[in-house]
Amino acid sequence: MFFSKFATVVAALVAVPAVFAQTTHNVVVGASGLTFSPNQVTAAVGDIVTFEFHPKNHTLTQSTFATPCAAMAGGVDSGYMPVDAAATTFPVFSFRINEVTPLWFYCAQGTHCQSGMVMAINVNASSPNTFDAYLVRRATP
């Protein structure tokens, strides 16, 4: 009986770090012009990606590799995040990674996407769908 309870407690304690073992990846949006910095993130399932929006008006909008500057139906979308030039605190938008397949994003404000304001999560460098290929596609009408 004691061993059974002890084993249950040990198993529960061993599982606790796995539940809380996540990394937060920070991405700065628009602090250096029309950029996401970094523009590529590698994240594990359960990790959090946080986007900090800087002055002007930007979005984080999910697209597909095939259509970089068009919103993906049902995809992640921060909505517009207007930030005053004099701001000293910045709004954030976060989401949890639920799978490790590549995720493609852009800023939907005006022509920001066509100007190169794109980023990706979990790009497979050995796939033909590289970040550089996505960057080229965003300029194609």
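Any read-out appearing in this document is the output of simple, stated calculations on the displayed coordinates, not a laboratory observation. No experiment lies behind these values; they were computed from the predicted model shown. Glycine gets a Cβ as well: all are built from the backbone with ideal geometry, and neighbour counts include every protein chain shown.
A few points about this structure:
- A Förster radius of 25 Å combined with the Cβ-Cβ distance from residue 127 to residue 57 puts the calculated FRET efficiency at roughly 0.15.
- Gained length - residue 42 relative to residue 21, 0.36 nm times residue gap less alpha-carbon distance: 6.0 nm
- Degrees separating the helix 2-20 axis from the principal Cα axis of the chain, which is the longest one: 10 degrees
- Placing +1 on the Cβ of every Lys and Arg and -1 on the Cβ of every Asp and Glu, with nothing else charged, gives the range 22-138 a dipole about its Cα centre of roughly 180 debye.
- Taking amide H as placed 1.01 Å from N in the peptide plane, residue 27 has its amide H under 5 Å from the amide H of 50, 51, 52, each at least 5 places away in sequence or on another chain.
- With K and R counted +1 and D and E -1, the other residues having a Cβ less than 15 Å from that of residue 38 yield a net charge of -3.
- Solitary cysteines of the chain, where the nearest other Cys Cβ is not under 4.7 Å: 107
- Of 67, 42, 88, the one that fluctuates the most in a GNM where the chain has Cα springs shorter than 10 Å: 88
- Neighbourhood net charge (12 Å Cβ-Cβ; Lys/Arg +1, Asp/Glu -1) for residue 87: -1
- Note on the range 22-138: the alpha carbon radius of gyration divided by the globular reference 2.2 N^0.38 Å gives 0.99.
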